[in-house]
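For reference, the structure discussed in these notes is given below.
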Amino acid sequence: MKRNLYIIMEIATRELDANLILILFSLKKEFNVFIGDSSTYRFLLNKKILKPGIVLTKSVTHGEQKSKLHDTFKAQGFILTTIDHEHGVLDDLDYKKYFIKSRIAEKELSKFDAFFCWGKYDYEKLREAFPDYKNKFFLTGSNRVDAWKNINSFNFINNKYKKKIGIFTNFALSNNKYGEKKYFKLKDKAGFYLRCPELLNKDKLFLKYQKKNIIKFLELINYLPLVYPNYFFYLKPHPVENFIFWEENIINRENIKIVNPENSSSLIKFCDLVIQTRCTTSIESLINSTKNINFIPVKNNHGFGKFVDKISYNAKNKLEVVNLINNLTKSKKNNFKKLNILNSRVLFKKNKSSSERMTSILNKLSKKIKQHKSQSLAYIKFNLFLYEIYNQLKSKVYNLIFNYQNINEYKFPIMKKFILSNKMSRYSKIYKIKKKFKITRLGNRFWLFES
């Protein structure tokens, strides 16, 4: 009888392709794989509809509601595992004091059987911080790295221009689509500042830094299309940023365009060069052999993202950016020193994929699960149908009264089956997995993958 793997996905643009690759390797190990958001899982668990299996979630500690979700899974016989997508490996901070203290409570960690690590850095730090649980940590790398390597290139082509440059913004705090007050309120509600009071001061410093940096970054964006009329610039805002800010402040020119591709890696692969500011796209660029410029015009002491300085070509002003563009667009050599520095923190140079390593561990853990009869998919579908109708009506009423915004609309949008199928087929060819698969939509944000 097949085992069940339940993946909790938060942000589709960040996690979908990574999860699809993991699903392929899981199907190979004879899993049935479900993917959905926390709200859907919470509803289904309360109804006691799901049969026990392995759960893969994206963090350990994130407030009382998530802790209760973990408790419900455990009470119903599920095994918990995690890969933390807010990895903290790019920060130049005391890892234990800021990352571990704010995101991994020991009581919550005790509920988990496996914690998948991005590289040697977090693996060693976590084992040192939790000696009683050191066997829970596994040096697998992240399945997101697999996706960064293999995502399709952006499909916008303009042969008129000599070079294509991608510009990635990173102002999720100062230009947050829900406002900075909501940002702090959500983190406070999730208990981050209670677990780590020092983090509040760091976030305030980071906000001041971003407010200064966004002005300099905007000046650079409006300056470069003038200096390089034969180059085309693609501006990709961070998913949680307010797009209107950029639409209103970018000077309209023929050779710059604000884009919102499915994910960052697809644009990185398409471009000849990337410009970012202490952003995860620096890692994605280096892994895909795309040169990247790290624009850091403002001095800071917050520590966030500072590791990026070690793996990028750094520029403190517009002139330095221009000089780097001139040099890097001509160079075809990879900087192996930077590649090795990155691999010490983010495992990506191994022959075996992170997804395959993760699946091997999930497969071993699944043997602890008691076998149950197959669950009724029709019953799941029917219950989710009623649940989603109720949620839609509630959202409309809330929107009329409180101007309510459903965060799931951008975090986990309703997906199309043919897109998922095409992606799965493509990754099957890349990884030479011949297993046939079947995809079933059980709800707006709940899917089943079978072989």
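Among the candidates Lys257, Lys310, Lys338, which residue alone is at pLDDT 90 or above, more than 20 Å from the chain's Cα centre (by Cα), outside any loop (DSSP other than H, G, I, E, B) and under 23 Å from Asn175 (Cα atoms)?
Details: Lys310 fails: under 23 Å from Asn175 (Cα atoms); Lys338 fails: under 23 Å from Asn175 (Cα atoms).
The match here is Lys257.
Quick check on this structure: which one of Leu226, Leu267 is surrounded by 19 or more Cβ atoms within 10 Å (Cβ to Cβ), assigned to a helix (DSSP H, G or I) and in contact (Cβ under 8 Å) with a residue 12 or more places away in the chain? Show your work before the answer.
Details: Leu226 fails: surrounded by 19 or more Cβ atoms within 10 Å (Cβ to Cβ).
Leu267 is the lone residue from the list that is surrounded by 19 or more Cβ atoms within 10 Å (Cβ to Cβ), assigned to a helix (DSSP H, G or I) and in contact (Cβ under 8 Å) with a residue 12 or more places away in the chain.
Does the stretch 108-126 contain any residue that is more than 25 Å from Ser355 (Cα to Cα), touching a Lys or Arg at 6+ places or on another chain (Cβ under 9 Å), of a type in the set (Gly, Ala, Ser) and part of a loop (DSSP other than H, G, I, E, B)? So that I can check it myself, show each step before the final result.
Pass one, the stretch 108-126, residues more than 25 Å from Ser355 (Cα to Cα): none.
The answer is no; no qualifying residue exists.
Consider Thr169 carefully, then state whether it is within 30 Å of Ser355 (Cα to Cα), assigned by TED's automatic domain parsing to the domain that holds Asn255 and touching a Cys at 6+ places or on another chain (Cβ under 9 Å).
Details: within 30 Å of Ser355 (Cα to Cα): yes; assigned by TED's automatic domain parsing to the domain that holds Asn255: yes; touching a Cys at 6+ places or on another chain (Cβ under 9 Å): yes.
For Thr169, the condition - within 30 Å of Ser355 (Cα to Cα), assigned by TED's automatic domain parsing to the domain that holds Asn255 and touching a Cys at 6+ places or on another chain (Cβ under 9 Å) - is met.
The rows are residues; the columns are (1) modelled with pLDDT under 95; (2) β-branched (Val, Ile, Thr).
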residue	(1), (2)
Gly166	no, no
Ser174	no, no
Leu186	yes, no
Lys189	yes, no
Lys211	no, no
Ile215	no, yes
Asn222	no, no
Pro225	no, no
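Check whether at least one residue in the stretch 55-67 is of a type outside the set (A, V, I, L, M), under 22 Å from Ser451 (Cβ atoms) and surrounded by 22 or more Cβ atoms within 10 Å (Cβ to Cβ), and report yes or no.
Step one: filter the stretch 55-67 for residues of a type outside the set (A, V, I, L, M), giving 57-59, 61-67.
Adding the requirement that they be under 22 Å from Ser451 (Cβ atoms) leaves none.
There is no residue in the stretch 55-67 that is of a type outside the set (A, V, I, L, M), under 22 Å from Ser451 (Cβ atoms) and surrounded by 22 or more Cβ atoms within 10 Å (Cβ to Cβ).
For the stretch 295-307, give me each residue that is buried (at least 20 other Cβ atoms within 10 Å of the Cβ) and either part of a helix (DSSP H, G or I) or within 20 Å of the chain's Cα centre (by Cα) (or both).
Phe304, Gly305, Phe307
Can you name every residue in the stretch 1-21 that is more than 16 Å from Met424 (Cα to Cα) and surrounded by fewer than 21 Cβ atoms within 10 Å (Cβ to Cβ)?
Answer for the stretch 1-21, where residues must be more than 16 Å from Met424 (Cα to Cα) and surrounded by fewer than 21 Cβ atoms within 10 Å (Cβ to Cβ): Met1, Lys2, Glu10, Ile11, Arg14.
The values are calculated or read from the model by the stated rules, or taken from the named source; none is laboratory data. All of these numbers come straight from a predicted model, not from anything done at the bench. All Cβ positions, even for glycine, are placed from backbone atoms using ideal geometry, and neighbour counts span all protein chains on display.
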